[in-house]
Amino acid sequence: MDQRTPVTTHLNDVQRIDWLRLIRSDNVGPRTFRSLINHFGSARSALERLPALAQRGGAARPARICSEQDAQAEIAASNRLGVTLLAPGETGYPPRLAALEDAPPLLAVRGTPEALMRPMIAIVGSRNASGAGLKFAGAIARDLGDAGFVIASGLARGIDQAAHRASLATGTVAVLAGGHDRIYPPEHEDLLAQLLDAGGAAISEMPVGHVPRARDFPRRNRLISGTSLGVVVVEAAHRSGSLITARVAAEQGREVFAVPGSPLDPRAAGTNDLIKQGATLTTGASDVIDAVEPIMGRPLAVREPDDEPLAPEPDASDRDRLMSLLGPSPVLLDDLIRMAGTSPAIVRTVLLELELAGRLERLGGGLMCLI
């Protein structure tokens, strides 16, 4: 196994437990996980170093490290549901998602793995959708399915469920905000069962038993767009969660498609704004197919390994300088390195320690702030 490039990893049982322990430990997210693996060479070595790193970052109390027993219990509970925990590069882990910098180190997958390896288009939109919006979502999902695409969505009310139902026969993937046994909304448990029986799949980065919270849905949205070649937004009001998906899709280099609507309907305000901002105006499946066909012919862009080294323990002056530059206002990593006047390795090490101590939040796009 090449520990520096998790995107092509194939884990044995022992390594899978170690990876699960690391990602389930306090303050370890996908980016932090990757930095730790790249620097220490294995999840087990990283687990041994977590307490010291968090202490150096000023942790108020010892961080919880997932035990081997807890990891084994999660794997057993997952297996009972027919859920497999997959690393990037293993069959059933969506290839385009695996190429992202913040790809989940372990993805909980249920259903037919082949559905997750095929080209996907995401369809999202308003939970409080109009009849016209529901009809259009179903029609474009059906047409894209007939053209060979799997439809990804979030199993939500409104547009999501219409897209899933219309693509049951051709393949659809539900991206969950909670654990596989904590479906939201609960009335869509039957839809999920139909989807799985029809040869589709469901994915989540959360453990079995995790009840979805409000902050889990934006995290889920990055998986919806990350699995896909592009995202079609059908009806979205201002400040809609679907607009978060569209924004993240653009940051990920995905195509963004927006269905126009009446300026008198607030459910179309967000999609009309997306078109003004450069999203592809979409009135049918052909608009999507024409845009993504050239992309499908290209080799999949694999993320570059994060080879930036960490430093030995930084001295007090380096820490003090960096802490004086950080605060509640977001700052870019590149700006922080420039203003600190020290090596990138030292800056990255101090930031990693702060993150493991629960004192730093990464906001995406290279931005971070103290919390």
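What does the helix-only formula give at 222 nm for the chain: each DSSP H stretch with n ≥ 4 adding -39500 (n - 2.57), the total divided by the residues, and the result rounded to the nearest 500 deg cm²/dmol?
-13000 deg cm²/dmol
So, counting K/R as plus one and D/E as minus one, what does the shell of residues with Cβ under 12 Å around ALA43 add up to?
With Lys, Arg at +1 and Asp, Glu at -1, the neighbours total +3.
Taking K and R as +1 and D and E as -1, what net charge do the other residues with C-beta under 15 Å from the C-beta of GLY209 add up to?
Net local charge, GLY209 excluded: 0.
Roughly how many percent of the accessible protein surface of the stretch 1-123 is carbon and sulfur, given a 1.4 Å probe and a whole-percent answer?
48
How big is the chain by Rg and Dmax over its Cα atoms, in Å?
21.1, 63
Would you mind telling me the antiparallel percentage of the DSSP bridges in the chain, rounded to 5?
40
Hey, what angle do you get for helix 13-23 against the long axis of the chain, alpha-carbon based, 0 to 90 degrees rounded to 10?
For 13-23 against the chain, the angle is about 90 degrees.
Per residue, how large is the accessible surface of the chain? Use a 1.4 angstrom probe and give square angstrom.
Solvent-accessible surface per residue comes out at 43 Å².
Is the shape of the stretch 185-229 rounded, prolate or oblate, going by the alpha carbon gyration tensor and its root eigenvalues a ≥ b ≥ c, with a/c under 1.5 for rounded and a/b larger than b/c for prolate?
Judged from the Cα gyration tensor, the stretch 185-229 comes out oblate (a/c at least 1.5, b/c at or above a/b).
From the Cα gyration tensor of the stretch 10-157, with a ≥ b ≥ c the square roots of its eigenvalues, which class applies: rounded if a/c is under 1.5, or else prolate if a/b is larger than b/c, or else oblate?
prolate
Based on the Kirkwood radius over alpha-carbon pairs, what value in µm²/s does the Stokes-Einstein equation return for the translational diffusion coefficient of the stretch 162-297 at 10 °C and 1.306 mPa s?
Using the Kirkwood radius from Cα pairs, D works out to 100 µm²/s.
Hey, could you get me the Stokes-Einstein D for the stretch 180-260, Kirkwood radius over alpha-carbon pairs, 4 °C and 1.567 mPa s, rounded to whole µm² s⁻¹? It would help to have the intermediate numbers written out before the result.
Numbers: Rh = 14.0 Å.
Estimated via Stokes-Einstein, D reaches 92 µm²/s.
Would you work out which of PRO119, ILE289, ALA152 lies farthest towards the positive end of the dipole of the chain? Charges go on Cβ: Lys and Arg +1, Asp and Glu -1.
Value: ALA152.
Just how far, in whole angstrom, is the stretch 58-81 from the stretch 331-366 if you go by their alpha carbon centroids?
27
Any idea how far apart VAL14 and ALA345 come out in nm if each label point goes 7 Å out from Cα toward Cβ?
Going by the 7 Å Cα→Cβ label model, 3.0 nm.
Expressed as a whole number of Å, what is the distance separating the alpha-carbon centroids of the stretch 166-212 and the stretch 111-135?
12
The values are calculated or read from the model by the stated rules, or taken from the named source; none is laboratory data. Here the structure is a predicted model, which is why all the values come from computation and not from measurement. FYI the Cβ positions are ideal-geometry reconstructions off the backbone, even for glycines, and counts take in every protein chain you see. Remember, those area values only see protein heavy atoms, side chains included, never the ligands or the DNA or RNA. Shrake-Rupley method; radii C 1.70, N 1.55, O 1.52, S 1.80 Å.
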